[in-house]
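Here, each number is a calculation from the coordinates, and none is a lab measurement. Nothing here was measured: the structure is a model prediction, and the numbers come from that model. Glycine also receives a Cβ, built like all others from the backbone with ideal geometry; neighbour counts cover every protein chain displayed.
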Amino acid sequence: MTTAAVMSLPITSDLEIAGVRQAVREAAVAAGFSLVEQTKVVTAASELARNTLVHGGGGRLEITMLERPQGKGIRLRFRDEGPGIADVETALSDGYTTGHGLGLGLGGARRLVQEFAIDTGPGRGTTVTVTAWPRGARRV
Amino acid sequence: MTVAESSGAAAVAEFLRARREQLAQQWADLALFRAVYTSGRDIAVNAAHGLVDALTEVARDGRMDDVTVPALDQVRALLAQVIAARSQAGAGPLQVAGEVAELKRPVIAMVGRELADVNRGAALIAATDLMGTVRLVGMEISLSDEGAIVARQRQQLSEIATPVLKLWDRVVAVPLIGTLDSARTQVVMETLLEAIVDERATVAILDITGVPLVDTVVAQHLMKTALAVRLMGARCVVSGIRPQIAQTIVQLGIDLGDITTRATLADALEWALAQVGTSVGRA
């Protein structure tokens, strides 16, 4: 698998979350995602970016374009230096919320992409890495 | 602060005090003042006096390149007036920054000409620092001004972009277009609830055909709006749910509960007409 063109965006305001959605949609279009696939990955990015802002106190998103023989994909890495998550399993479960949301953001985002990894711990900040492939490129 | 720096600052303070009138006369002819105080040159000179005096205070304080000194507050207030007038007249932030930068030239020219003694080098550096700070303050003002304009336009846009349409007797609809954030939702909810009262509506249609993405926050906004509509005694139907949005909502795990939904606005209208007891045959 080869990687190319890494793009880094700040996430420190609602306006920048809109910028994240825009950039992820453009990356998904460039990777040849269908409309449904674009919508899924952009929605996942919107949820994760909002987590970075609301729970992590702001951070950054790195977008990496991936390429393998079956096709192109995109990897999104959301990183913040916030308080971190003590109990990842609970945070991922549906309906669990620390704020006023629906509690579906993290778990929902995981269902919208093909690969999902979270690296976090109390005081360590949180890094969520997700990878999305269009249908034709999913089989390894 | 080194000895040379403080002697430079002191020399500039003394220079500004002594050359107050000449400098104000020169500044009054520059675009920044001329374009704002169009009613008379005297008024422009007067405003320039104010700025010279404020800068004299900064030079007396001695910290020429520190944008946080309290002595700069007066400079900031004076520049804010002038810059606000310039941007209202349509000058962009770059043009205004250029006009603020022009203030420097007469100061440096006069300091270079008049302070021939040993202090000249230090005084020139101090004067350059001071005018650089003025430029920075000007930049800061025009950028925050720009921010205020963007915020205002956003506000206007959110109001313009949410018309409530009366589709039928007792049926109102809001076609939502673009991202549904908290501020938009608030406006939509207010205008919709008012329309329900004004039109004595019993059905409200929220059409999201123009909403590119429904994430958990947007869904929550829709549910709150639907709940508010129900509290007003009307029924709410969400229409314009496109296939990709439907699939995403399902995978996110959002349960829209008992909100009635329809694929298209036409379907929603048909449902609404049935609710108000009217039926229209399809061609």
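Ranking B:A84, B:A123, B:G8 by how far each Cα lies toward the positive end of the dipole of the stretch B:3-155 (charges on Cβ) leaves B:A84 at the top. Loop-located trypsin sites (Lys or Arg not before Pro) in the stretch A:38-140 (DSSP state other than H, G, I, E, B) with a sparse environment of at most 13 neighbouring Cβ atoms within 10 Å: A:R124, A:R138, A:R139.
Taking a temperature of 37 °C and a viscosity of 0.692 mPa s, what whole-number D in µm²/s does Stokes-Einstein yield for the protein assembly as shown with Rh from Kirkwood over alpha carbon pairs? Here the translational diffusion coefficient equals 126 µm²/s. Here B:L143 and B:T278 are evaluated by their C-beta separation; at R0 = 51 Å the FRET efficiency comes out at 0.40.
What helices does chain B hold that run 20 Å or longer along their axis, going by alpha-carbon atoms, with a Kyte-Doolittle average of 0.0 or more, using DSSP H for the helix calls?
Numbers: long enough: B:3-18 (22 Å, 0.77); B:41-61 (30 Å, 0.14); B:72-88 (23 Å, 0.45); B:120-160 (59 Å, 0.31); B:182-198 (24 Å, 0.56); B:216-231 (22 Å, 0.92).
What comes out of the filter, once short or polar helices are dropped, is B:3-18, B:41-61, B:72-88, B:120-160, B:182-198, B:216-231.
Which value in deg cm²/dmol, rounded to the nearest 500, describes the helix-derived mean residue ellipticity at 222 nm for chain B, given -39,500 (n - 2.57) per DSSP H run of n ≥ 4 and division by the residue count? The per-residue figure over chain B is -21500 deg cm²/dmol. Of all lysines in the structure, the ones whose alpha carbon falls short of 26 Å from that of B:K166, not counting any fewer than 8 places away in one chain, are B:K224. In units of 2.2 N^0.38 Å, what is the alpha-carbon radius of gyration of the stretch B:165-275? That works out to 0.98 for the stretch B:165-275. Net charge of the neighbourhood of A:R60, taken over other residues with C-beta under 15 Å away and scored Lys/Arg +1, Asp/Glu -1, is -1.
Principal axis extents of the Cα atoms in the stretch A:2-137, from largest to smallest and rounded to whole angstrom, are 39, 26, 24.
Extension gain for B:A89-B:I108 works out to 3.9 nm (0.36 nm per residue, less the C-alpha to C-alpha distance).
A:K72: which aspartates and glutamates have alpha carbons under 15 Å from its alpha carbon, excluding same-chain residues fewer than 8 sequence positions away? Of all the aspartates and glutamates, those that pass the test against A:K72 - Cα under 15 Å, at least 8 places apart if same chain - are A:E26, A:E37, A:E115. Here the translational diffusion coefficient of chain B follows from Stokes-Einstein with Rh set to the Kirkwood radius across Cα pairs; for 10 °C and 1.306 mPa s it amounts to 68 µm²/s. Please report the net charge: other residues with Cβ closer than 10 Å to the Cβ of B:P212, K and R +1, D and E -1. Combined, the nearby Lys, Arg, Asp and Glu give +3.
Placing dummy labels 7 Å off each Cα toward the beta-carbon, the span from A:D87 to B:R120 is 7.7 nm.
In the stretch B:210-283, what trypsin sites (Lys or Arg not before Pro) fall in a loop by DSSP, with at most 12 other Cβ atoms inside 10 Å?
Sparse-neighbourhood loop trypsin sites (Lys or Arg not before Pro): B:R282.
Calculated mean residue ellipticity at 222 nm for chain A: -11000 deg cm²/dmol, from DSSP H runs with n ≥ 4 weighted as -39500 (n - 2.57), summed, divided by the residue count and rounded to 500. Ordering A:D14, B:D129, B:D207, B:D198 by the number of other Cβ atoms within 10 Å of each residue's own Cβ, fewest first, gives B:D198, A:D14, B:D129, B:D207.
Please report the relative contact order for the stretch A:74-140, taking Cα pairs under 8 Å with a sequence separation of at least 6, and give it as a percent rounded to a whole number.
43
Considering only alpha-carbon pairs that sit under 8 angstrom and 6 or more positions apart, the relative contact order computed for chain A is 26 percent. Its Cα centre serving as origin, the stretch B:3-155 has a Cβ charge dipole (Lys and Arg +1, Asp and Glu -1) of approximately 360 debye. A dipole drawn for the protein assembly as shown from +1 and -1 charges on Cβ atoms has a positive end, and of A:T129, B:V58, B:Q25 the residue lying farthest that way is A:T129. What percent do you get for the relative contact order of the stretch B:3-155 when only Cα pairs under 8 Å and 6+ apart count? Rounded, it is 32 percent for the stretch B:3-155.
Taking chymotrypsin sites (Phe, Trp or Tyr not before Pro) across the stretch A:1-105, none is in a DSSP loop with at most 12 further Cβ atoms lying within 10 angstrom of its Cβ. Straight-line cross-link reach from A:K40 at under 12 Å between alpha-carbon atoms covers these aspartates and glutamates, not counting any fewer than eight positions away in the same chain: B:D215.
The order of B:M232, B:M64, going from fewest to most other C-beta atoms within 10 Å of their C-beta, is B:M232, B:M64. Provide, for q = 0.09, 0.18 Å⁻¹, the log10 of I(q)/I(0) from a solvent-free Debye sum over equal Cα point scatterers in the stretch B:3-155. Log-scaled intensity ratios, in q order: -0.28, -1.02.
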